[in-house]
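Below: the structure, in structure tokens.
Since every read-out is calculated from the coordinates, none of them should be taken as a lab result. For clarity, every value in this text was computed on a predicted model and none was experimentally measured. Positions of Cβ are backbone-derived with ideal geometry, glycine not excepted, and every protein chain shown enters the neighbour counts.
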Amino acid sequence: MDKKGIVLLLVALILAIVAGGGVYVYLKGMLVSRDRAPLTVPVVVAVKDMTFGTTLNDRQLKVVQFPKESVPMGSYSTIDSILGQTTKVFVVTGEPLLASKLSSIGGGLSVRVPPNMRAMSLKVNEVTGVSGFILPGDRVDLLVTMDNARGRGVTVTKTFLQDLEVLAAGVKTETKNNHNITVQSVTLLVDPQGAEKIALAVSKGRIHLALRNPVDHEFVDVKSTDTKTVLGMTKPRKAARRRTTPRRPRKVVATKKPPVKVGPDSFTVIRNGKILNQKSPTADRDEKDSNKK
């Protein structure tokens, strides 16, 4: 074998060793990456969208594998652990069921009512209910209209509750005079005093809802409006009465003025060796002149 053949053989051998080493390193890297795959754990999720107050059953739930590092706190691994519990919030498809979203006590709408608060439902129509655009989570003001509130024939409208949260809104069917009618109802979250106001307003007047912007929580001091004010029939204020009874003349009490003392009461005059007291220095001369006349 000549030198050229030996060189070619060595080159081929070296290339084979390099190729084999590359394959070995590649396969070993795949095995290591497979060994480092993230661990997964079972998590119970919703199969469909559910509203609050829904009692859970096995047809609404399933178990999926979550990466161990991504499992949310408060999740459940088995369906049996949450069967019969009630949702407190809206749940969407594929969302994990967490302990903070479920309630094991009570059910329905009551789980949405905070302590010291109440839920009150009202019947509304297309006009009083803002054409059906009121949805759960919206905020509304309540207006009441009462007849004869300020006298016979005077109707008054007043905004008596503001910034109320809507817990539920929907349509239900009632029977009236042997006929089925569709009634729209809205359930509001209020305090106990607000519940009393709503009960009185429903009993004595008519309720209207005013839809608010969800970020507007300002309370506005709104004065009540009546028919006289709207029609410009408010009477002007009466002018202050003037006193027509003649006043008694004041009694003038005359006061004596003290005499004005201009000079001394008498004058002492020495004339012809005699001392005389006169009313004036020339009194004797004046008397003589008058006698001559």
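One line per residue, one yes/no per condition, for (1) part of a loop (DSSP other than H, G, I, E, B); (2) touching a residue at least 60 places away in the same chain (Cβ under 8 Å); (3) closer than 30 Å to Leu135 by Cβ; (4) not polar (S, T, N, Q):
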site: Pro42; (1), (2), (3), (4): no, no, no, yes
site: Val45; (1), (2), (3), (4): no, no, yes, yes
site: Arg59; (1), (2), (3), (4): no, no, yes, yes
site: Lys62; (1), (2), (3), (4): no, no, yes, yes
site: Gln65; (1), (2), (3), (4): no, no, no, no
site: Glu69; (1), (2), (3), (4): no, no, no, yes
site: Asp80; (1), (2), (3), (4): no, no, no, yes
site: Leu83; (1), (2), (3), (4): yes, no, yes, yes
Among Thr40, Thr78, Thr93, Thr54, the single one that is of a type in the set (Val, Ile, Thr) and crowded, with 17+ Cβ neighbours inside 10 Å is Thr54
